[in-house]
Amino acid sequence: RFDEMRVIMDRALAVAPNDPGARLNRAIIDLYVHADTRPERAAFDTMIREDPQLSQELAVESIQLALCERDFGAAEHAFASMSETGGLEDASAFPRAWYGGLIARVKGDAAGAQIAFVAARAEIARTLTGQSEFPQPLSILAMIDAALGNKEQAITEGQRASDLLPV
């Protein structure tokens, strides 16, 4: 329903033309539909040029776009601008090391990815200490365990997170 999304995002931009979320959501449609990163890249570049402070706020999205473009320099630059606390995806807090692991994995640096994912796992495990029934970090832990190759553990954690927060 991307045509509908275009209409909705165009309406949102008519009301709030400088809203970063609306600008990126409008630009990302072409990535989803045509695997074309150019509109999103143009939106990022314009927004960062207009407000350099957005580079930290949009670090997650910048990393994801750079990895789609296979632009490892841009991914590492976005990672360098990321807050030490990591980033948010769908209201879930991912540790900074997770993104370092993703970048390393896509670059083909298996050892670097392993080190980063182990660090990310330790951080999320600390978050879960005393609150093991918290589905968001539990699902992130499952993703990290999957990245580490801990298949059975990842499935168990993912299933538990799903049970705690059903659709």
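The values are calculated or read from the model by the stated rules, or taken from the named source; none is laboratory data. Note that the structure is predicted; figures quoted are calculated from it, not measured. Note: accessible area is taken over every heavy atom of the protein model, side chains too, but ligands, DNA and RNA are not part of it. Shrake-Rupley method; radii C 1.70, N 1.55, O 1.52, S 1.80 Å.
Potential lengthening of the chain between VAL118 and ASN18 amounts to 32.1 nm, from the contour at 0.36 nm per residue minus the alpha-carbon distance.
Share of pairwise Cα-Cα distances greater than 22 Å in the chain is 51 percent (whole percent). Sorting VAL167, VAL60 on solvent-accessible area from highest to lowest, probe radius 1.4 Å, gives VAL167, VAL60. For the options LEU102, LEU13, LEU138, a Gaussian network treatment of the chain with springs between C-alpha atoms closer than 10 Å singles out LEU13 as fluctuating the most. Heavy-atom surface analysis with a 1.4 Å probe gives the chain a carbon and sulfur content of 55 percent of its accessible area. Taking the range 59-105 on its own, what percent of its Cα-Cα pair distances exceed 13 Å? For the range 59-105, the fraction of Cα-Cα distances above 13 Å is 47 percent.
For the range 1-116, what is the accessible area per residue in Å², given a 1.4 Å probe and the full set of protein chains? Don't jump to the answer; show the numbers that get you there.
Numbers: 6690 Å² over 116 residues.
In whole numbers, the range 1-116 has 58 Å² accessible per residue.
Computed over protein heavy atoms with a 1.4 angstrom probe, the accessible surface ordering of LYS107, LYS151, largest first, is LYS151, LYS107.
So what is Rg over Rh here for the range 75-167, counting just Cα atoms and using Kirkwood for Rh? Mind dumping the intermediate values first?
Working: Rg = 13.1 Å, Rh = 13.4 Å.
Radius of gyration relative to Kirkwood radius: 0.97.
Which of GLN56, GLN153, GLN136 moves most in a GNM of the chain, Cα contacts under 10 Å? Of the options given, GLN153 has the highest mean-square fluctuation.
Amide H contacts under 5 Å for GLY87: PHE94, ARG96, restricted to partners 5 or more places along the chain or on a different chain, H placed in the peptide plane at 1.01 Å from N.
Using the rule -39500 (n - 2.57) for each DSSP H run of four or more residues, divided by the residues of the chain, the 222 nm mean residue ellipticity is -23500 deg cm²/dmol.
Can you give me the relative contact order of the range 1-140 as a percent, contacts being Cα pairs under 8 Å and 6 or more apart? All intermediate terms of the calculation are to be shown ahead of the outcome.
Working: 141 pairs, mean separation 17.3, N = 140.
Over the range 1-140, the number comes to 12 percent.
Sorted largest first, the spans of the alpha carbon positions of the range 3-93 along the three principal axes are 36, 27, 25 Å.
Here the Debye sum runs over all C-alpha atoms of the range 108-158 as equal scatterers in vacuum, and log10 of I(q)/I(0) at q = 0.16, 0.22 Å⁻¹ comes out as -0.42, -0.74. Ratio of Rg to Rh for the range 10-55: 0.98 [Cα atoms; Kirkwood radius as inverse mean 1/r over pairs].
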